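One structure is given below, encoded as C-alpha coordinates.
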(Lines give C-alpha, C1' and ligand atoms only; values in the text may rest on other atoms or scores of the structure.)
Protein backbone atom coordinates (compact mmCIF):
# COMPACT_ATOMS: atom_id res chain seq x y z
CA UNK A 1 0.00 0.00 0.00
CA UNK A 2 1.56 3.30 -1.09
CA UNK A 3 1.56 6.52 0.92
CA UNK A 4 -1.47 8.06 -0.78
CA UNK A 5 -3.66 5.04 -0.32
CA UNK A 6 -2.50 4.60 3.28
CA UNK A 7 -3.29 8.23 4.04
CA UNK A 8 -6.74 7.95 2.47
CA UNK A 9 -7.53 4.71 4.30
CA UNK A 10 -6.33 6.17 7.60
CA UNK A 11 -8.37 9.35 7.24
CA UNK A 12 -11.49 7.46 6.25
CA UNK A 13 -10.97 4.87 8.98
CA UNK A 14 -10.69 7.56 11.66
CA UNK A 15 -13.92 9.19 10.48
CA UNK A 16 -15.77 5.86 10.36
CA UNK A 17 -14.62 4.82 13.83
CA UNK A 18 -15.41 8.24 15.30
CA UNK A 19 -18.85 8.24 13.69
CA UNK A 20 -19.57 4.72 14.91
CA UNK A 21 -18.52 4.95 18.54
CA UNK A 22 -17.73 8.61 19.19
CA UNK A 23 -21.23 9.58 20.24
CA UNK A 24 -21.47 6.74 22.76
CA UNK A 25 -18.00 7.46 24.17
CA UNK A 26 -18.65 11.19 24.61
CA UNK A 27 -22.26 10.65 25.72
CA UNK A 28 -23.46 13.72 23.81
CA UNK A 29 -27.01 14.26 22.58
CA UNK A 30 -26.70 16.14 19.25
CA UNK A 31 -30.28 17.47 19.52
CA UNK A 32 -30.07 18.85 23.06
CA UNK A 33 -30.36 22.63 23.16
CA UNK A 34 -29.05 25.08 25.74
CA UNK A 35 -29.80 28.70 24.89
CA UNK A 36 -27.53 29.81 27.70
CA UNK A 37 -24.51 28.37 25.83
CA UNK A 38 -25.04 29.63 22.28
CA UNK A 39 -22.01 30.10 20.02
CA UNK A 40 -19.61 29.17 22.79
CA UNK A 41 -16.01 28.21 22.13
CA UNK A 42 -14.36 24.87 22.88
CA UNK A 43 -14.46 23.74 26.48
CA UNK A 44 -14.32 20.56 28.55
CA UNK A 45 -18.11 20.22 28.37
CA UNK A 46 -18.21 21.01 24.64
CA UNK A 47 -14.87 20.08 22.98
CA UNK A 48 -15.76 21.80 19.70
CA UNK A 49 -18.06 24.48 21.05
CA UNK A 50 -21.81 24.92 20.54
CA UNK A 51 -23.95 26.25 17.70
CA UNK A 52 -26.53 29.07 17.65
CA UNK A 53 -28.98 26.94 19.62
CA UNK A 54 -26.47 25.72 22.17
CA UNK A 55 -26.20 22.24 20.64
CA UNK A 56 -22.89 20.47 21.00
CA UNK A 57 -20.93 20.67 17.75
CA UNK A 58 -18.93 17.49 18.36
CA UNK A 59 -22.10 15.45 18.78
CA UNK A 60 -23.69 16.99 15.69
CA UNK A 61 -20.59 16.45 13.55
CA UNK A 62 -20.43 12.80 14.56
CA UNK A 63 -24.14 12.35 13.88
CA UNK A 64 -23.67 14.02 10.50
CA UNK A 65 -20.80 11.67 9.70
CA UNK A 66 -22.97 8.64 10.50
CA UNK A 67 -25.77 9.95 8.32
CA UNK A 68 -23.59 10.92 5.34
CA UNK A 69 -21.45 7.78 5.37
CA UNK A 70 -24.39 5.41 5.83
CA UNK A 71 -26.34 7.10 3.04
CA UNK A 72 -23.31 7.05 0.73
CA UNK A 73 -22.48 3.43 1.51
CA UNK A 74 -26.05 2.22 1.05
CA UNK A 75 -26.45 4.18 -2.19
CA UNK A 76 -23.20 2.80 -3.61
CA UNK A 77 -24.06 -0.76 -2.66
CA UNK A 78 -27.58 -0.46 -4.07
CA UNK A 79 -26.20 0.92 -7.33
CA UNK A 80 -23.24 -1.46 -7.63
CA UNK A 81 -25.08 -4.78 -7.32
CA UNK A 82 -27.81 -4.32 -9.96
CA UNK A 83 -25.56 -2.22 -12.20
CA UNK A 84 -22.83 -4.88 -12.27
CA UNK A 85 -25.25 -7.77 -12.69
CA UNK A 86 -27.07 -6.06 -15.55
CA UNK A 87 -23.77 -5.15 -17.21
CA UNK A 88 -22.57 -8.76 -17.16
CA UNK A 89 -25.99 -9.97 -18.34
CA UNK A 90 -26.02 -7.54 -21.26
CA UNK A 91 -22.60 -8.65 -22.50
CA UNK A 92 -23.26 -12.34 -21.85
CA UNK A 93 -26.61 -12.49 -23.61
CA UNK A 94 -26.04 -9.89 -26.30
CA UNK A 95 -28.75 -9.31 -28.89
CA UNK A 96 -31.96 -7.63 -27.80
CA UNK A 97 -31.05 -7.91 -24.11
CA UNK A 98 -27.93 -5.86 -24.66
CA UNK A 99 -29.78 -3.31 -26.79
CA UNK A 100 -32.65 -2.96 -24.31
CA UNK A 101 -30.44 -2.50 -21.25
CA UNK A 102 -28.14 -0.17 -23.18
CA UNK A 103 -31.12 1.98 -24.21
CA UNK A 104 -32.31 2.21 -20.61
CA UNK A 105 -28.88 3.31 -19.41
CA UNK A 106 -28.67 5.89 -22.20
CA UNK A 107 -32.09 7.24 -21.21
CA UNK A 108 -30.96 7.63 -17.60
CA UNK A 109 -27.75 9.37 -18.72
CA UNK A 110 -29.78 11.80 -20.81
CA UNK A 111 -31.26 13.14 -17.56
CA UNK A 112 -28.67 14.99 -15.44
CA UNK A 113 -28.08 13.14 -12.20
CA UNK A 114 -28.48 16.19 -10.00
CA UNK A 115 -31.80 17.00 -11.69
CA UNK A 116 -33.07 13.50 -10.92
CA UNK A 117 -32.13 13.88 -7.26
CA UNK A 118 -33.73 17.32 -7.15
CA UNK A 119 -36.98 15.97 -8.62
CA UNK A 120 -37.24 13.25 -5.98
CA UNK A 121 -36.25 15.67 -3.23
CA UNK A 122 -38.99 18.04 -4.39
CA UNK A 123 -41.55 15.23 -4.31
CA UNK A 124 -40.58 14.28 -0.74
CA UNK A 125 -38.82 17.32 0.76
CA UNK A 126 -36.60 16.59 3.71
CA UNK A 127 -36.89 12.84 3.16
CA UNK A 128 -33.90 10.54 3.63
CA UNK A 129 -35.25 7.92 1.23
CA UNK A 130 -35.69 10.45 -1.59
CA UNK A 131 -31.98 11.26 -1.51
CA UNK A 132 -31.10 7.58 -1.27
CA UNK A 133 -33.25 6.58 -4.25
CA UNK A 134 -32.14 9.54 -6.35
CA UNK A 135 -28.42 8.97 -5.77
CA UNK A 136 -28.74 5.22 -6.36
CA UNK A 137 -30.60 5.72 -9.64
CA UNK A 138 -27.88 8.11 -10.75
CA UNK A 139 -24.92 5.90 -9.84
CA UNK A 140 -25.99 2.49 -11.19
CA UNK A 141 -25.38 3.49 -14.82
CA UNK A 142 -21.65 3.89 -14.21
CA UNK A 143 -21.36 0.32 -12.93
CA UNK A 144 -23.48 -0.97 -15.80
CA UNK A 145 -21.49 0.72 -18.55
CA UNK A 146 -18.12 -0.26 -17.10
CA UNK A 147 -19.10 -3.88 -16.43
CA UNK A 148 -20.77 -4.23 -19.82
CA UNK A 149 -17.73 -2.96 -21.72
CA UNK A 150 -15.18 -4.86 -19.64
CA UNK A 151 -17.11 -8.14 -19.70
CA UNK A 152 -17.47 -7.96 -23.47
CA UNK A 153 -13.70 -7.85 -23.81
CA UNK A 154 -13.14 -10.62 -21.26
CA UNK A 155 -15.62 -12.98 -22.89
CA UNK A 156 -13.54 -12.86 -26.06
CA UNK A 157 -10.29 -13.58 -24.22
CA UNK A 158 -8.48 -16.91 -24.89
CA UNK A 159 -8.76 -17.98 -21.24
CA UNK A 160 -12.55 -17.74 -21.29
CA UNK A 161 -12.76 -19.49 -24.66
CA UNK A 162 -10.61 -22.32 -23.27
CA UNK A 163 -12.84 -22.66 -20.22
CA UNK A 164 -15.90 -22.93 -22.41
CA UNK A 165 -14.26 -25.54 -24.66
CA UNK A 166 -13.42 -27.57 -21.57
CA UNK A 167 -17.09 -27.55 -20.63
CA UNK A 168 -16.74 -25.34 -17.58
CA UNK A 169 -19.98 -23.59 -16.69
CA UNK A 170 -20.90 -19.91 -16.34
CA UNK A 171 -20.25 -19.92 -12.60
CA UNK A 172 -16.62 -20.90 -13.15
CA UNK A 173 -16.17 -18.27 -15.85
CA UNK A 174 -17.71 -15.56 -13.66
CA UNK A 175 -15.77 -16.43 -10.52
CA UNK A 176 -12.44 -17.29 -12.15
CA UNK A 177 -12.13 -14.92 -15.10
CA UNK A 178 -14.65 -12.05 -14.99
CA UNK A 179 -15.07 -11.26 -11.29
CA UNK A 180 -11.37 -10.78 -10.41
CA UNK A 181 -10.82 -8.65 -13.52
CA UNK A 182 -13.69 -6.22 -12.99
CA UNK A 183 -13.37 -5.93 -9.19
CA UNK A 184 -10.63 -3.22 -9.13
CA UNK A 185 -12.61 -1.03 -11.50
CA UNK A 186 -15.77 -1.48 -9.46
CA UNK A 187 -13.95 -0.43 -6.30
CA UNK A 188 -12.65 2.67 -8.08
CA UNK A 189 -16.14 3.62 -9.24
CA UNK A 190 -17.47 2.92 -5.74
CA UNK A 191 -14.97 5.34 -4.18
CA UNK A 192 -15.89 8.05 -6.67
CA UNK A 193 -19.58 7.32 -6.13
CA UNK A 194 -19.30 7.55 -2.35
CA UNK A 195 -17.50 10.89 -2.61
CA UNK A 196 -20.17 12.15 -5.01
CA UNK A 197 -22.95 10.98 -2.71
CA UNK A 198 -21.47 12.66 0.38
CA UNK A 199 -20.91 15.93 -1.49
CA UNK A 200 -24.39 15.82 -3.06
CA UNK A 201 -26.15 15.29 0.26
CA UNK A 202 -24.24 18.22 1.77
CA UNK A 203 -24.93 20.48 -1.22
CA UNK A 204 -28.64 19.72 -1.22
CA UNK A 205 -28.83 20.23 2.54
CA UNK A 206 -27.02 23.56 2.25
CA UNK A 207 -29.50 24.98 -0.29
CA UNK A 208 -32.49 23.67 1.69
CA UNK A 209 -33.67 20.99 -0.75
CA UNK A 210 -32.24 17.89 0.89
CA UNK A 211 -32.47 17.10 4.57
CA UNK A 212 -33.81 19.88 6.74
CA UNK A 213 -33.30 21.17 10.29
CA UNK A 214 -33.05 19.88 12.94
CA UNK A 215 -31.30 17.02 11.11
CA UNK A 216 -27.61 16.76 12.07
CA UNK A 217 -26.24 16.83 8.53
CA UNK A 218 -23.14 18.69 7.39
CA UNK A 219 -24.83 20.71 4.65
CA UNK A 220 -27.70 21.67 6.94
CA UNK A 221 -25.20 22.70 9.61
CA UNK A 222 -23.36 24.92 7.11
CA UNK A 223 -26.62 26.61 6.15
CA UNK A 224 -27.62 27.17 9.77
CA UNK A 225 -24.21 28.51 10.83
CA UNK A 226 -23.58 30.73 7.81
CA UNK A 227 -25.33 33.80 9.32
CA UNK A 228 -22.99 33.59 12.32
CA UNK A 229 -19.70 33.29 10.48
CA UNK A 230 -18.50 36.71 11.66
CA UNK A 231 -19.25 35.99 15.31
CA UNK A 232 -17.99 32.40 15.38
CA UNK A 233 -16.13 31.53 12.16
CA UNK A 234 -14.69 28.36 13.70
CA UNK A 235 -18.16 26.79 13.84
CA UNK A 236 -18.96 26.80 10.11
CA UNK A 237 -15.42 25.65 9.32
CA UNK A 238 -16.03 22.40 11.23
CA UNK A 239 -18.66 20.80 8.93
CA UNK A 240 -16.77 22.15 5.91
CA UNK A 241 -13.60 20.51 7.20
CA UNK A 242 -15.35 17.20 7.81
CA UNK A 243 -16.72 17.18 4.27
CA UNK A 244 -13.33 18.04 2.77
CA UNK A 245 -11.55 15.32 4.77
CA UNK A 246 -14.00 12.60 3.70
CA UNK A 247 -13.97 13.58 0.02
CA UNK A 248 -10.17 13.82 -0.07
CA UNK A 249 -9.83 10.45 1.67
CA UNK A 250 -12.08 8.77 -0.90
CA UNK A 251 -10.23 10.41 -3.78
CA UNK A 252 -6.87 9.34 -2.39
CA UNK A 253 -8.10 5.75 -2.37
CA UNK A 254 -9.28 6.10 -5.97
CA UNK A 255 -6.11 7.74 -7.25
CA UNK A 256 -3.88 5.21 -5.52
CA UNK A 257 -5.93 2.31 -6.84
CA UNK A 258 -5.65 3.63 -10.38
CA UNK A 259 -1.88 4.10 -10.16
CA UNK A 260 -1.23 0.65 -8.71
CA UNK A 261 -3.35 -1.28 -11.17
CA UNK A 262 -1.30 -3.34 -13.65
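A few notes on this one:
- Among the residues of region 25-59, those identified as free of Cβ contacts under 8 Å to residues at least 24 places away in the same chain and buried (at least 19 other Cβ atoms within 10 Å of the Cβ) are 46, 50.
- The numbered conditions (1) in contact with a helix residue (DSSP H, G or I) (Cβ under 9 Å, 6 or more places away or on another chain); (2) modelled with pLDDT of 85 or more are all true for residue 177 except (2).
- Among the residues of region 8-24, the ones that are surrounded by fewer than 16 Cβ atoms within 10 Å (Cβ to Cβ) and over 12 Å from residue 66 (Cα atoms) come to 5 in all.
- Meets criteria (within 25 Å of the chain's Cα centre (by Cα), touching a residue at least 40 places away in the same chain (Cβ under 8 Å) and surrounded by fewer than 16 Cβ atoms within 10 Å (Cβ to Cβ)) for residue 72: no
- Given (1) in contact with a helix residue (DSSP H, G or I) (Cβ under 7 Å, 6 or more places away or on another chain); (2) under 30 Å from residue 223 (Cα atoms); (3) at pLDDT 85 or above; (4) surrounded by 16 or more Cβ atoms within 10 Å (Cβ to Cβ), index of the condition residue 116 fails: (3)
- Subset of region 139-191 that is more than 14 Å from residue 86 (Cβ to Cβ) and under 19 Å from the mean Cα position of the chain (by Cα) - its residue that is surrounded by the fewest Cβ atoms within 10 Å (Cβ to Cβ): 183
- Residue in region 97-107 that is touching a residue at least 40 places away in the same chain (Cβ under 8 Å), buried (at least 17 other Cβ atoms within 10 Å of the Cβ) and under 23 Å from the mean Cα position of the chain (by Cα) present: yes
- Filtered residues of region 206-228 (kept if at pLDDT 90 or above and either loosely packed, with under 15 Cβ neighbours inside 10 Å or touching a strand residue (DSSP E or B) at 6+ places or on another chain (Cβ under 6 Å) (or both)): 226, 227
The values are calculated or read from the model by the stated rules, or taken from the named source; none is laboratory data. Given the structure is predicted, the values throughout are model-derived calculations rather than measurements. In this analysis, Cβ positions are derived from the backbone assuming ideal geometry, glycine residues included, and neighbour counts consider all displayed protein chains.
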